[in-house]
Amino acid sequence: MACYTLSLHDALPILMQVCFAPLLGRWSDKLGRRPVLLLSLAGAAFDYTLLALSNVLWMLYLGRIISGITGATGAVAASVVADSTAVSERTAWFGRLGAAFGAGLIAGPAIGGLAGDISPHLPFVIAAILNACTFLMVFFIFKPAVQTEEKPAEQKQESAGISFITLLKPLALLLFVFFTAQLIGQIPATVWVLFTESRFAWDSAAVGFSLAGLGAMHALFQAVVAGALAKRLSEKTIIFAGFIADATAFLLMSAITSGWMVYPVLILLAGGGIALPALQGIISAGASAANQGKLQGVLVSLTNLTGVAGPLLFAFIFSQTQQSADGTVWLIGTALYGLLLAICLLIRKPAPVAATC
């Protein structure tokens with residue numbers, strides 16, 4: 001029962017975001033980034049307040065559902081990046097945005113773990129306060145690059161006139177690459193602990209050290225290296241380099257036999273992090289400023305969908321192959337990267353879709 005409760009607690013906001021992120025992104029195109037961002041932060045603050053105060057399961061689930069429905073922070077933040085930057089600068093800024101989210105994923109559990117030793121409710125209190133403070137900062141300080149009321153009439157008409165199908169159809173191949181790359185990224189997230197314990201007999205300290213190192217290097221590559229490369233190389237070249245680095249790392253992970261060999265491979269795994277900012281930059285070129293919210297909402301939805309499907313799929317594969325060939329899941333990832341590299345040969349930077357009357 002405890003396992004079921006925990007799984008439902010984690011799955012509810014993700015499933016809600018899969019459904020509602022594109023709609024919230026669309027609202028941010030129509031109403032402006034700031035109102036939707038404020039709604040998202042208010043929903044998160046309410047969720048964590050309920051978690052801190054709840055003593056019955058229905059309150060916990062209600063908070064998770066509301067948080068998921070209003071959880072548009074990622075989509076709106078990416079839309080703001082697209083609104084505020086030239087296409088040539090987006091790889092660098094999407095990389096910094098990804099690094100910021102990654103840093104939060106590292107710092108959050110660490111702070112929560114320390115606070116949880118004091119009180120099981122304290123981590124949720126801290127999260128609610130941080131979201132409330134961020135709400136106030138956005139309310140008083142944040143100014144969008146283009147206010148909704150300042151948009152030209154034709155841009156407002158464009159935002160209202162383009163359907164999701166019209167917007168996404170020319171981007172179908174790029175969206176498939178994005179979804180598959182995010183899905184492959186769930187392999188290390190899902191099996192790292194089990195694989196390193198099974199093959200190298202690592203204890204929790206060794207696993208934690210390796211994951212912390214990978215997270216820090218991944219953030220560095222996204223925040224610094226991706227932007228530096230974008231000044232000299234095309235997005236397509238950066239995507240190729242990132243996919244090749246990850247594919248090589250996956251192939252090595254399937255073959256190595258000693259724990260110390262993992263640490264050089266971590267550099268390649270982290271280096272693969274340069275691909276997604278460049279890919280997101282290319283995809284964002286396929287939508288005008290009036291439709292970035294829709295597009296970025298769809299990307300958030302796809303990312304969350306892989307966060308549900310990936311762990312289920314790869315945990316099952318690993319459980320079936322652990323005794324006979326525990327590196328199989330890494331080889332599957334390598335093969336999928338090979339497919340993506342072949343598809344990337346066909347990639348062309350899209351032009352924004354225009355509204356049709």
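For this structure, a couple of remarks:
- Meets criteria (in contact with a Pro (Cβ under 6 Å, 6 or more places away or on another chain) and among the small types (G, A, S)) for S67: yes
- For the stretch 127-134, the criterion of being modelled with pLDDT of 90 or more, within 23 Å of the chain's Cα centre (by Cα), within 24 Å of L211 (Cα to Cα) and assigned to a helix (DSSP H, G or I) is met by at least one residue.
- In the stretch 290-300, the residues that are over 9 Å from S79 (Cβ atoms) and of a type in the set (G, A, S): A290
- Some residue of the stretch 4-25 being under 20 Å from F142 (Cβ atoms) and of a type in the set (F, W, Y): no
- Checked against the criterion of being in contact with a Lys or Arg (Cβ under 7 Å, 6 or more places away or on another chain) and aliphatic (A, V, I, L, M), the stretch 103-122 contains not a single residue that satisfies it.
- Hits in the stretch 113-136 (condition: over 20 Å from I66 (Cβ atoms) and surrounded by fewer than 17 Cβ atoms within 10 Å (Cβ to Cβ)): G113, L114, G116, D117, I118, S119, P120, L122
- Residue within the stretch 267-277 that is more than 22 Å from S210 (Cβ to Cβ), in a helix (DSSP H, G or I) and in contact (Cβ under 8 Å) with a residue 24 or more places away in the chain present: yes
- Some residue of the stretch 220-238 being closer than 18 Å to G333 by Cα and outside any loop (DSSP other than H, G, I, E, B): no
- The residues of the stretch 41-95 that are without any contact (Cβ under 8 Å) to a residue 40 or more places away in the chain, under 30 Å from F221 (Cβ atoms), surrounded by fewer than 18 Cβ atoms within 10 Å (Cβ to Cβ) and of a type in the set (V, I, T) amount to a single one, T85.
- Test for A145: is it at pLDDT below 85 and not in a helix (DSSP H, G or I): yes
The values are calculated or read from the model by the stated rules, or taken from the named source; none is laboratory data. What you see is a predicted model; the values in this text were computed from it and never measured. Cβ: placed from backbone, ideal geometry, glycine included. Neighbour counts: every protein chain shown.
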